[in-house]
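So that we are looking at the same thing, I have put the structure below in structure tokens.
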Amino acid sequence: MTAYLVLMLAGYAVTVLVETAVLLALLSRRHPVRVRVFAGVWLTACTYPVVWLVLPPLFAERWAYLLVAETFAPAAEGVLFWAAFARRLPPDRRATARDLLAILLANLASFGVGEVLHATGTWG
């Protein structure tokens, strides 16, 4: 179990690095840099335990787990981001759509990095 938690912590660090870079670049300009960086750390902190600890035992097949986990993470992060940051700003559908797309792309990027690490044997 200790090795799994160490792997989880390393995965969290990689995920935060990848997703924060994407969020810094792609979130709408109505969010200051400090919010973008905080979002990269906080959103992952909210969803990562579910993805690593709750969902894996529920699925026998890796593809089914990945489908659920990689749907859950951006959906939950989008709702959390909207609730914490976007809903307090003046309504701007275009900016909100951009924010949600940025969160989706951040999750896809970290998933892609994780899959490369997994496929090359670098990761678990």
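We did not get these values from a lab; they are worked out from the coordinates using the rules stated. This one's a predicted model, so the numbers in the text were calculated from it and none came from an experiment. Don't worry about glycine lacking a Cβ; one is built from the backbone with ideal geometry, like all the others, and counts go over all protein chains shown.
Does a label point 7 Å from the Cα of ARG94, set along Cα-to-beta-carbon, have any residues of the stretch 1-43 with amide nitrogen under 16 Å, and which are they?
Label zone hits: 27-31.
What is the diffusion coefficient of the chain in µm²/s, taking the Kirkwood radius over Cα pairs and the Stokes-Einstein relation at 25 °C with a viscosity of 0.890 mPa s?
164 µm²/s
Still on this structure, please answer the following. If you take every residue apart from ARG29 with its C-beta less than 12 Å away from the C-beta of ARG29, what net charge results, scoring Lys and Arg +1 and Asp and Glu -1?
+2
Moving to a separate point now. Sum up the charges of everything whose Cβ sits under 12 Å from the Cβ of SER110, counting Lys and Arg as +1 and Asp and Glu as -1, but leave SER110 out.
That works out to -4.
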